[in-house]
1. For the chain, take the longest principal axis of its alpha carbons; what is the angle in degrees between that and the long axis of helix 87-103, to the nearest 10 within 0 to 90?
2. Solvent-accessible area of D103, probe 1.4 Å, all protein chains present, reported in Å² to the nearest ten, please.
3. Would the stretch 80-176 count as rounded, prolate or oblate if I go by the C-alpha gyration tensor, calling it rounded below 1.5 in a/c and otherwise prolate when a/b exceeds b/c, oblate otherwise?
4. At a probe radius of 1.4 Å, what is the per-residue accessible area of H121, in Å² to the nearest 10?
5. So, taking all protein chains as they sit and a 1.4 Å probe, how much accessible area belongs to T168, in Å² rounded to tens?
6. Tally Lys and Arg at +1 and Asp and Glu at -1 over the other residues with C-beta under 13 Å from the C-beta of V145: what net charge comes out?
7. Assign unit charges at the C-beta atoms only (+1 for Lys and Arg, -1 for Asp and Glu), then state the dipole size of the stretch 21-176 relative to its Cα centre in Debye, rounded to the nearest 20.
8. In whole Hz and in residue order, list the ³J(HN,Hα) couplings for the stretch 157-167 that follow from phi through the Karplus curve 6.51 cos²θ - 1.76 cosθ + 1.60, θ = phi - 60°; x for Gly and Pro.
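The values are calculated or read from the model by the stated rules, or taken from the named source; none is laboratory data. From a predicted model like this one, the values you see are computed outputs, not experimental measurements. Here Cβ is always computed from backbone atoms with ideal geometry, including for glycine, and neighbour counts include all displayed protein chains. Heavy atoms of the whole protein, side chains included, go into the accessibility calculation; ligands, DNA and RNA do not. Shrake-Rupley method; radii C 1.70, N 1.55, O 1.52, S 1.80 Å.
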Amino acid sequence: LFMDACLMGMLEDAYQFRGQAGVYVASEGVTWSSMRSNSHHDYFYTVSADTTAAQMGQMIVDGYANWMESRLSGYYYTLSAVDMSALGDVVTATNNLAASLDDGMATYGAQIQASRNATIHYWWTAYIDLVDFADNIYANISDSVIRADAQAVNAAVSGYVLAERHSTSYSRSHGV
């Protein structure tokens with residue numbers, strides 16, 4: 001499932017399609033193209049009956065990134081393809097981190113807010129990169145349970161993201 005629309009790379013967006021798609025392709029940020037205005041959809045010409053969903057996801061990510069880098073150099077972009085069969089692990093790890101942060105809010109509220117503020121965000125929204133947030137939590141909070149939960153988020157995301165590319169300005173993007 002390719003979401004050729006802005007800001008659809010959130011975990012919550014992919015979750016809506018659980019059990020309906022094997023690979024979900026979306027941008028954490030703004031998308032800058034449409035079918036009429038560019039050629040990054042040329043990967044369609046190389047698809048065969050043997051092309052897997054994961055390969056197709058990689059082709060979409062690479063096609064879009066290559067198009068952005070050659071035609072709209074300097075623009076911010078992200079695009080990732082994720083393995084929907086690993087979605088449950090990411091949701092569980094994220095929920096566990098959220099519960100630990102909620103439990104520690106009285107003690108670590110300032111560090112949680114600082115971590116959130118330091119995390120890369122997309123466009124003019126509150127949307128943030130999950131791995132960057134977990135990294136900031138890990139760096140700013142010494143609690144062993146919270147740190148383990150942050151590491152678990154990153155491990156789950158590494159098994160979830162099949163392909164990811166971004167502009168240099170979004171270097172702390174990880175695909176979700």
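1. So the helix axis and the longest Cα principal axis differ by about 30 degrees.
2. Taking all protein chains as shown, D103 has close to 130 Å².
3. oblate
4. The value for H121 is about 100 Å².
5. Approximately 130 Å² for this residue.
6. Local charge sum for V145: -3.
7. 400 debye
8. So the Karplus estimates, Gly and Pro as x, are 5, 5, x, 9, 7, 7, 8, 7, 9, 7, 6 Hz.
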